[in-house]
1. For the range 3-103, state what percent of all Cα-Cα pairs lands in each successive 5 Å bin, counting from 0 Å until the bin that includes the largest distance.
2. Pop a pseudo-label 7 angstrom from the Cα along the beta-carbon direction at both residue 2 and residue 68 and give the gap in nm to one decimal.
3. How high is the relative contact order of the range 3-103, in percent, with contacts defined as C-alpha pairs under 8 Å that are six or more residues apart?
4. Using 0.36 nm per residue, how much length does the chain from residue 93 to residue 12 gain when fully extended, once their Cα-Cα distance is taken away?
5. In nanometres, what is the gap between the two model label sites at residue 43 and residue 86, each 7 Å from Cα along Cα-to-Cβ?
6. I'd like the distance separating the alpha-carbon centroids of the range 83-104 and the range 11-59, in whole Å.
């Protein structure tokens, strides 16, 4: 069962319309509605897992499906928002349903 969990620093933020693209550390990019944007330098807790969690434990909680998976990276579409991780050892397969939790 796939799971990734880490505390990561927001190193860059790009705003486009109502979407905030958060660049976390050197290997994660998470798109969220702009009202949930975090500033550069803020530390956030990110969890991506096949196991569902209690949504009230998170500032932002969503689920999505892996649509691209390579040797060391993968991309998830979560209601139109894109979540991507690079430099991972065993990326999940295309079609895997994953839950994404973000805590500020």
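1. It works out to 3, 14, 25, 28, 20, 9, 1, in whole percents.
2. 1.4 nm
3. Working: 241 pairs, mean separation 28.6, N = 101.
That works out to 28 percent.
4. Details: separation 81, 0.36 × 81 = 29.16 nm, distance 2.79 nm.
Once the chain is fully extended between residue 93 and residue 12, it gains 26.4 nm.
5. Output for this residue pair reads 2.4 nm.
6. The distance from the Cα centre of the range 83-104 to that of the range 11-59 comes to 13 Å.
Read the figures in this text as sums done on the coordinates, not as results from a lab. Because the structure is a prediction, the values reported are computed rather than measured. No Cβ is skipped: glycine too gets one built from the backbone with ideal geometry, and neighbour counts run over all protein chains shown.
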